[in-house]
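The values are calculated or read from the model by the stated rules, or taken from the named source; none is laboratory data. Keep in mind it's a predicted model, so treat the numbers as computed, not measured. Here the Cβ positions follow ideal geometry from the backbone for every residue, glycine too, while neighbour counts run over all protein chains shown. Surface accessibility is based on the protein's heavy atoms, side chains included, excluding ligands, DNA and RNA. Shrake-Rupley method; radii C 1.70, N 1.55, O 1.52, S 1.80 Å.
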Amino acid sequence: MKTGVVIILFHPDTSHLSRMLETLIDSGYQVVLVDNSPHELKLALPQEVVYLHYPQNIGIAAAQNRGLSHLAGQQFSHAVLFDQDSAVTPALMEGLCAGFVEAQAHFGKVAAVGPQIICEFYNQPVKPKVQQAVDVRDGLASVKQIIASGMMLSLSELETIGHKEESLFIDGVDHEWCWRARDKGFSVVKLTDVTMLHKQGDGRHKVLGITFKRGAPVRLYYQVRNVLILSRRSYVPLYWKLRNIPAIPLRWLINRWVFDNGKQRGRYFSKGFVDGLKGKKGPLV
């Protein structure tokens, strides 16, 4: 198993990135940095690191595809995807590599494995309340989807599953790929004994007993638009549609009237809703 690493960047914290690179290089991994920031990274990089810069911001799906394609071209068999703020440790990498082999032995065709995510805001494992794992055994859980950060995937299976959907641009990319892989007969596996600390969004707010994630205002455009786009597809899980479509009005109210930058959030939300109904894809222009 020849494994490389792809890290997606957008205005990264260079101190944290340096620590990530040191950990990965010391463990013997080649790293591909794919940078969507407008300005080139100001950081001296070791020779084990390949730097791909797209100042026009090609989106997270396209950035992942560029990194994965580079590793595939260098005859790597597997790749691990990380966000720029992921907490990477040697134990995590060892667990992912060993877990992929174990998952294949148990489930056969495996598209990807990922760690048990620990929410940085609450220091608690992230466990779904509705979409429970369909098969759990020996630290392996067959699940509907995993997030991109910490995802280890087989590069050879990309020929069958296909690459990440670039027209979605950012939100929903990782879930859509997992659902598509499952629809083609592959398993997606969470390694329950392998953990990774991770922060999703910029904050958490509880309103009327419901916890809402707060991110950058522009993300609302892609989140709402892509919910409407993906909900039309037969391979997207019914529970996801039933959870996300009815929540749109409540999410608009919270973002417009509770969170800061309410007017801006409202405009992005409304634009995403209209474009989602139209089926418009790609970056916001």
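Miscellaneous remarks
- Annotation note: of 42, 109, the sole residue that is among the basic types (Lys, Arg), over 19 Å from the mean Cα position of the chain (by Cα) and within 24 Å of residue 199 (Cβ to Cβ) is 42.
- The number of residues in region 209-243 that are open to solvent by 30 Å² or more (accessible area, probe 1.4 Å), in a helix (DSSP H, G or I) and not aromatic (Phe, Trp, Tyr) comes to 6.
Let's see how each residue does on (1) under 22 Å from residue 98 (Cβ atoms); (2) open to solvent by less than 50 Å² (accessible area, probe 1.4 Å); (3) touching a His at 6+ places or on another chain (Cβ under 9 Å); (4) not in a helix (DSSP H, G or I):
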| residue | (1), (2), (3), (4) |
| --- | --- |
| 6 | yes, yes, yes, yes |
| 29 | yes, yes, no, yes |
| 32 | no, yes, yes, yes |
| 51 | no, no, no, yes |
| 64 | no, yes, yes, no |
| 67 | no, yes, no, no |
| 82 | yes, yes, no, yes |
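- Selected residue (only one of 87, 103, 91 is modelled with pLDDT of 95 or more, among the small types (Gly, Ala, Ser) and either more than 17 Å from residue 155 (Cα to Cα) or in contact with a Gly (Cβ under 9 Å, 6 or more places away or on another chain) (or both)): 91
- Screening 98, 133, 111 for residues that are at pLDDT 95 or above and touching a Ser or Thr at 6+ places or on another chain (Cβ under 9 Å) leaves exactly one candidate, 111.
- Taken over region 159-178, the residue count meeting the criterion of being crowded, with 20+ Cβ neighbours inside 10 Å and not in a loop (DSSP other than H, G, I, E, B) is 8.
- Selected residue (criterion: least open to solvent (accessible area, probe 1.4 Å)) from residues of region 189-200 that are closer than 15 Å to residue 138 by Cα and touching a Ser or Thr at 6+ places or on another chain (Cβ under 9 Å): 189
- Residue within region 262-280 that is assigned to a loop (DSSP other than H, G, I, E, B), modelled with pLDDT under 95 and not hydrophobic (A, V, I, L, M, F, W, C) present: no
- Residue in region 114-130 that is nearest to residue 4 (Cα to Cα), counting only those that are aliphatic (A, V, I, L, M) and modelled with pLDDT under 75: 126
- Within region 90-127, considering residues that are open to solvent by 60 Å² or more (accessible area, probe 1.4 Å) and polar (S, T, N, Q), the one nearest to residue 37 (Cα to Cα): 123
- Look at region 44-58: where a residue is aromatic (Phe, Trp, Tyr) and a partner is open to solvent by less than 50 Å² (accessible area, probe 1.4 Å), sitting 6+ places away or on another chain with Cβ atoms under 6 Å, you get 51/33; 54/36.
- Unique match (being open to solvent by less than 50 Å² (accessible area, probe 1.4 Å), without any contact (Cβ under 8 Å) to a residue 40 or more places away in the chain and of a type in the set (A, V, I, L, M)) among 71, 21: 21
- Considering residues of region 244-269 that are touching a helix residue (DSSP H, G or I) at 6+ places or on another chain (Cβ under 7 Å) and among the basic types (Lys, Arg) only, the residue least open to solvent (accessible area, probe 1.4 Å): 265
- Selection count, region 234-266, where residues are in contact (Cβ under 8 Å) with a residue 40 or more places away in the chain and charged (D, E, K, R): 2
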